[in-house]
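All remarks here apply to the structure that follows.
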Amino acid sequence: MSKLYVVGLGPGSVNGMTGAAKAALEQADVIVGYTVYIDLIRAQVPDKPVLTTPMRQEVERVRLALKTAAEGRTVAMVCSGDAGVYGMSGLCEELSSEYPGVEIQTIPGVSAVLSGAAILGAPLMHDFAVISLSDLLTPWEKIEKRLLAAAEADFVICLYNPASHKRRDHLKRACELVLRFASPKTVCGIARNIGRDGEQTQVLTLEELKDTEVDMFSTVFIGNSETRIINGKMVTPRGYIHE
């Protein structure tokens, strides 16, 4: 049977890639992916043929990967972070019926919610929600409902896709929604270029976050009512120590 690996590359560095991801890349005859993600691994696959598509051509990219696998080659479709968290594994499964001879195997990776939390401290030690602020595929009205529900429930909130050239005010709008239930002093954090050159972190309050500019390489964390700053790090206590 033909094989398609859907590979989560983690944050982008070789050190942040799992052993299973490295093995899948080695076993693949062809690598398929978005140009930016392919560039992250070119040094690891210098002699393998590479097929790329631009942003917003996800369906075409997946069909290209499935078609190539159906021709009898082992293919690795690469994604940043985890392939099953805002990645391509779901779309590969959705379109798999068009290529019944292709076996699909998802190779998990380290998602930005985990790698970003690690460099900020320990913000996810209690229940949390992950919400994308991109309204390309999800109506903003639904995103608002999810933000309000997570804020009212006092979840730590991790925000993917907090801004882009066309969505410069989405983080501000998200903060204003969360502020309906959370204190302006709520501890927040920003992780940028996780695992890559220029990696940066910033710990700040929710009120400060509301007016802070971020970009598409940033992952944002909004703490819950228990989150605090300890030694400059963002920490959400699990509750082991009773004060």
Q) Just a yes or no: is a residue in region 94-103 in contact (Cβ under 8 Å) with a residue 40 or more places away in the chain, open to solvent by less than 60 Å² (accessible area, probe 1.4 Å) and part of a helix (DSSP H, G or I)? A) no
For region 1-27, pairs from a residue that is without any contact (Cβ under 8 Å) to a residue 60 or more places away in the chain to a residue that is open to solvent by less than 20 Å² (accessible area, probe 1.4 Å) and assigned to a helix (DSSP H, G or I), with Cβ under 6 Å and 6 or more apart or across chains, are none
Filtering region 212-241 for residues that are open to solvent by 80 Å² or more (accessible area, probe 1.4 Å) and aromatic (Phe, Trp, Tyr) leaves a count of 2
Within region 44-73, of all residues that are closer than 20 Å to Met17 by Cα and of a type outside the set (A, V, I, L, M, F, W, C), the one farthest from the chain's Cα centre (by Cα) is Asp47
Those residues of region 104-123 which are part of a strand (DSSP E or B), on the phi < 0 side of the Ramachandran plot and not hydrophobic (A, V, I, L, M, F, W, C) amount to Gln105, Thr106
His126: passes all of (1) farther than 26 Å from Glu199 by Cβ; (2) not in a helix (DSSP H, G or I) but (1)
Filtering region 1-55 down to residues that are in contact with a Leu (Cβ under 9 Å, 6 or more places away or on another chain), open to solvent by 20 Å² or more (accessible area, probe 1.4 Å), aliphatic (A, V, I, L, M) and part of a strand (DSSP E or B) yields Leu51
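Could you tell me whether Ile104 is within 18 Å of the chain's Cα centre (by Cα) and of a type in the set (A, V, I, L, M, F, W, C)?
Against the criterion (within 18 Å of the chain's Cα centre (by Cα) and of a type in the set (A, V, I, L, M, F, W, C)), Ile104 does not qualify.
Look through Leu171, Leu159, Leu209, Leu179 and report the one residue that is surrounded by fewer than 18 Cβ atoms within 10 Å (Cβ to Cβ) and either in contact with a Gly (Cβ under 8 Å, 6 or more places away or on another chain) or at pLDDT 95 or above (or both).
When all the criteria are applied, what remains is Leu179.
Pull up region 182-206, narrow it to residues that are of a type in the set (Ser, Thr, Tyr) and more than 16 Å from Glu152 (Cβ to Cβ), then point me to the one that is surrounded by the most Cβ atoms within 10 Å (Cβ to Cβ).
Thr201
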Taking region 65-90 and keeping only residues that are hydrophobic (A, V, I, L, M, F, W, C), surrounded by 19 or more Cβ atoms within 10 Å (Cβ to Cβ) and more than 30 Å from Cys188 (Cβ to Cβ), one is left with Ala65, Leu66, Ala69, Val75, Ala76, Met77, Val78
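The values are calculated or read from the model by the stated rules, or taken from the named source; none is laboratory data. Everything numeric here is computed off the predicted structure, so don't read it as measured data. Quick reminder, even Gly has a Cβ in these numbers, built from the backbone with ideal geometry, and neighbours come from all protein chains shown. Ligands, DNA and RNA are excluded from the accessible area calculation, which covers all protein heavy atoms including side chains. Shrake-Rupley method; radii C 1.70, N 1.55, O 1.52, S 1.80 Å.
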